[in-house]
Every structure is written in structure tokens, then in C-alpha cells.
Amino acid sequence: PNPVMSNTQVQTKRITKLCKTKNIVTINGMYPGPVIYAQEDDRIVVKVTNKTPYNITIHWHGVRQKLSCWYDGPSYITQCPIQAGQTFTYRFTLLMQKGTLLWHAHASWLRGTVYGAIVVYPKTGVPYPFKQPFQEHIIILGEYWLRDLTQLEHDVISSGGSPPPANAFTINGRPGPNYNCSINDVHTIDVVLGKTYLLRIINAALNMEHFLAIANHKLTIVEADGEYTKPLTVGQVMLGPGQTINALVTTNQPISRYSISVGPYMSARNVPFQNITSMAYFQYAGSMPNGTPMSTQLPAYNDDLSIKNIMHILKSLNAVHVPRQLDVNLFITIGLNVQKCTLRMPRQNCRGINNGVMAASMNNVSFVRPNISLLEAYYKKISGYYTEDFPSVPGKFYDFVDGAPNSIPNDTSSTTGTRTKVLEYGSNVEIVLQDTGTVTTENHPIHLHGYSFYVVGYGDGNYDPETAVLNLVDPPYLNTIGVPAGGWTVIRFVADNPGVWFMHCHLEVHLSWGLSMVLIVKDGQGDLQTLPHPPANLPRC
Ligand code: C2O
């Protein structure tokens, strides 16, 4: 394997898609970006030089960054952005990691085009715990926008409304034949009859959760977020942005061309989106190269049940060590609300629902990004940029009629702030994530930096510790988890990686609206002695 991308330039590139030509931000002129192939425990060094006018950082999504928090990448959380003309070198180890992960820009909305796969093979001589595939293929899902992405983010924040829908969903950067001018802009996976293939599926889209299915073929999930699962054979998978799935597929159908179909899962109400299927081809050797592909029916865009029947029953391959004695119980609500326009906000910007602005919050705090690196502020004890008083909220949000959430939740007005939660090193943490929201409930893919966590339970409505059924034996070990619309998810982990860690919804628009918070995990001595020193060439804000 080749450990990197070593010399990496962020550069703009002119491309034509959907019959329009525009400049996009890329790594080394590639869209999607280059793949990092590595092996478990490899050392990764990526020197990033920014040749664009935009501020940028790169995040290694799913890499746990054990004792290397300075290289995690979220802008204003662990580092200041790499400004035009500057260079920053990321150095980290893929310690005890394997499987499919991704890297992406973590500044403004630039990850819309700046993303790529990370493939981590097991150590030499260690086989996969499933049938050795004949070949492997990467399928990376994205969204394509004709608008400039930093401008789009700016408009979303200043208007307080929703963004316009993406112009296309893409598979390996290509929209497929259902879009204008895209008959030939289609990704094709060439296969031969009678073999088993490993598909490394990544959702790198900005704002859309996606179903994926291959006509006439079943998928057997064997890994999620870079950790092995018990094999689960399904008709389709669903991935929120930030999620990855490895699935086996066997070419046991008549020789033909089959569609790989990708369509939206949208659990929110009244949100504009394009209900169009993007398509790639799964092409058997010997089939007609230009034949009409056999197509497949994806679940309806609002089919919550199909997700419960797939993602909620995933289990780790083997029994795992879930923390049982808990030191910290956090209850965190995830809400989409409308904030009243205040005098501070220019009136013309109040274009959200009811002339307010859209806000998203955790425990009713809409996160405000500081203009300094929080990790640096914490490490250097620079005060005034954040507080350590992340609030708690009461635990009941819905009334029920026939088991379904009925009345509007009771958290209405959110406040703003950069409020963090401090965790002692080594504590056993449980977080209950409860979806709520006065505008709409929605399935939120929540991502935690610096850790994977055990997903021990899911449910609808209010979380109730008396009745919740938790899997403490073989829950999946993930880094991004879809919290069901109007429901809850419980995660557990040991806070054994000191640093400043972002936790946020991976739908970019929700991140812009403030759906995030920060966990500060102290180090073993409680005085930062075991935190690595900041790298010398750390960018300045
Ligand atoms: Cu994949 Cu904070 O992101």
C-alpha cells in the first residue's frame, strides 16, 4: 500500500458538469479526491499547501487521533484554518484502525468537493473475517452544486433559511443518466459472473442521507464505520453523511447491466430536496455495453421503517467491552428551532420560517464557532473564548398518541454560546441523544471526533431509562450515528483520548445553524502533561 497523498495541493479546477462550467476546490485537481491506501497502524503524513483563496482544513473522518488531537482538522476547534498560500502538515497514526473511512475539508462548505476515501487494510497476513473478495470497489456518494459553496454557506447563515437543494446527487463524482447532460457522466463498475466483490460505500454528501441498492442483487453488510459487523444481508443500505459501510455482493444473476441506484432519505417535513435517483452501472462482462440497465425500486424517501430494519439491527462481529459502570450520563437534545429575529439581526435577514431565523441546537444551545482554535485556547489557557458550562435540560419532550409523538416538544427558544462539557480522563460515558425540535423532527447523523462509540440502543419518542432495552453485548462500534426522527439513541465510550473534540450533526446545513457542541477530555494528570505539544507550524487565525 502507498501511504499517501504526501504532497498535497489544494487548488481550484475548472470542470463541466450538468452542462455548466465552474471552478471547484480540489485536492491535486482531483474530484473526488485521491484515495489514501494504508494498513492498520500505518503512519500518515500529509503536507497540505493551500493554493486557493479560501481558508481550509482537512479532517480524517473516523481516524481516532489517539494522542494526536492537533491533527484532527475541524476549523476553529482543533486548529485555525490553513489560509491562502500557507502549508500545514498532518501527522497521525492509524492506530488499531481498519476498513473504510474518509477524509474531507472541514471549513465552510468546502467538503462539498474536497473529499476522498481512506482504505485501511488489515496487517499483512491478517485475512478479512469473511470470504476473500475477488475485487474491491469504492463507491463514494456526494452532492453537486452549481453555486459557489462558500457563498452558499454564507447565504444560509445570513438569510436564516434553508439552502436550495443540490443540483445533483453523485456517485464517484458522477450524477448518472437521470440528470441533464449526464448520459455519459456515469460511474461503471465492471464485474464478472460468479464472483464476490467488496464494495466500500461512503456517504460524503453535504446535506442528504442516501439509500443505495443494486438491481436484483443483495448486499451483505460486513463492516460499518471501519469496524467489522455480523454479516447482515439486505436489499438496500442507508447512509447518512459521514457514514461508511462495507458490503459484499455476489455476481450470481444473469449476465446484464444493472443499476446501482442512490436516492434520498428525507425524514424532515417541509424541507426542499430533489427526489431524483442518481445511478451508476454494475456491468457484467459479456453484457451489452449500451443496454438499458435493469433498474431497482428504492424505498420511499420517508421510509423510516426500512432503516429500523437495517441499521438498527447491526451488531459488532464479536462480543465487545461496553462500559457498564457509568461515571457520566449526558442527556443531549438535538433540535431544529426558529429563533426570533432580534434587533441585532438586520431585518432583511429574517427570511426563515415565521420571519425568524433557523437555528439548530444541542440542549437548546446553538453553538457559536469561536475565531480561535479551541484546542489552542484550552492548551494555552487563553480565557474568554468558551465556557465549560454546557447545560442540562429536562428529559421529557413529547406527548404521545398511540405510541407516536404528538404534541410539539417543549424546548422552544434556543440561546447561543460556545459552551463545552469537560470530561475526566478515563471516565465511562453514556450519552443519550434525543431528537426534538419545534420546526420538524429529523434523523440526524451525529458524528463524534476522536472516538468510536458503542451504539447500545435506539427507540421512538422520549427516552425512558426504565423501559429502554440496551445491547451491552455486541453493539456496533461507530463514529457517526443516525438518531431517529422524534426518537433517541444511546451511545457509550471510555473517555480515554485527551483533547478537544467536536460532536455535531453531519448535515452541513445543521452544522451552520449550530447543531454541535464540544467535549473537552482532560488528560491523565489533569494538567495537559500527556497531551502532545502543539506542532510548530500550526496555522494562526
Ligand atoms: Cu466528517 Cu466534523 O466531520
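Values computed for the structure shown
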| read-out | value |
| --- | --- |
| Residue identified as within 18 Å of Cys505 (Cα to Cα), at pLDDT 90 or above, of a type in the set (A, V, I, L, M, F, W, C) and surrounded by fewer than 20 Cβ atoms within 10 Å (Cβ to Cβ) among Val473, Val368, Val455, Val422 | Val368 |
| Pairs, first under 16 Å from Leu206 (Cβ atoms) and at pLDDT below 90 in the range 262-287, second among the hydroxyl-bearing types (Ser, Thr, Tyr) and assigned to a strand (DSSP E or B), C-beta under 7 Å, six or more apart | none |
| Tally of residues being free of Cβ contacts under 8 Å to residues at least 60 places away in the same chain and surrounded by 13 or more Cβ atoms within 10 Å (Cβ to Cβ) across the range 384-400 | 2 |
| Hey, Gly335 in the same structural domain as Tyr398 (by TED's automatic domain parsing), modelled with pLDDT under 90, touching a Cys at 6+ places or on another chain (Cβ under 9 Å) and on the phi < 0 side of the Ramachandran plot or not | no |
| Number of positions in the range 204-243 that are over 20 Å from the mean Cα position of the chain (by Cα) and of a type in the set (D, E, K, R) | 2 |
| Inter-residue pairs, beta-carbon under 9 Å, first under 20 Å from Glu209 (Cβ atoms) and in the range 148-174, second assigned to a helix (DSSP H, G or I) and basic (Lys, Arg), 6+ apart | Leu149/Arg111 |
| Residue within the range 217-239 that is within 20 Å of Thr170 (Cα to Cα) and within 16 Å of the ligand (Cβ to nearest atom) present | yes |
| Meets criteria (of a type in the set (A, V, I, L, M, F, W, C) and surrounded by 23 or more Cβ atoms within 10 Å (Cβ to Cβ)) for Leu212 | yes |
| Test: Glu442 is more than 16 Å from the ligand (Cβ to nearest atom), under 30 Å from Gly160 (Cα atoms), buried (at least 23 other Cβ atoms within 10 Å of the Cβ) and not polar (S, T, N, Q) | yes |
| Residues of the range 27-64 satisfying the condition of being aromatic (Phe, Trp, Tyr) and either under 20 Å from Val119 (Cα atoms) or within 16 Å of the ligand (Cβ to nearest atom) (or both) | Tyr31, Tyr37, Trp60 |
| Among (1) touching a helix residue (DSSP H, G or I) at 6+ places or on another chain (Cβ under 9 Å); (2) among the hydroxyl-bearing types (Ser, Thr, Tyr); (3) modelled with pLDDT of 95 or more - the single one Thr250 does not satisfy | (1) |
| Qualifying residue in the range 42-65 (condition: among the β-branched types (Val, Ile, Thr), assigned to a loop (DSSP other than H, G, I, E, B) and in contact with a His (Cβ under 8 Å, 6 or more places away or on another chain)) | yes |
| Given (1) in a strand (DSSP E or B); (2) within 22 Å of Asn203 (Cβ to Cβ); (3) in contact with a helix residue (DSSP H, G or I) (Cβ under 9 Å, 6 or more places away or on another chain), number of the condition Glu442 does not satisfy | (1) |
| Cβ pairs under 7 Å, 6+ apart, first in the range 68-79 and within 13 Å of Ser108 (Cβ to Cβ), second within 12 Å of the ligand (Cβ to nearest atom) and hydrophobic (A, V, I, L, M, F, W, C) | Pro74/Phe502; Ser75/Ala107 |
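Yes or no, residue by residue, for (1) over 19 Å from the mean Cα position of the chain (by Cα); (2) within 15 Å of the ligand (Cβ to nearest atom):
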{"position": "Pro475", "(1), (2)": "yes, no"}
{"position": "Gly482", "(1), (2)": "no, yes"}
{"position": "Ala485", "(1), (2)": "no, no"}
{"position": "Trp488", "(1), (2)": "no, no"}
{"position": "Phe493", "(1), (2)": "no, no"}
{"position": "Asp496", "(1), (2)": "yes, no"}
{"position": "His506", "(1), (2)": "no, yes"}
{"position": "Met517", "(1), (2)": "no, yes"}
{"position": "Lys522", "(1), (2)": "yes, no"}
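The values are calculated or read from the model by the stated rules, or taken from the named source; none is laboratory data. These numbers were taken from a predicted model, which means no experiment stands behind them. Backbone-built Cβ (ideal geometry, glycine too); neighbour counts: all protein chains shown.
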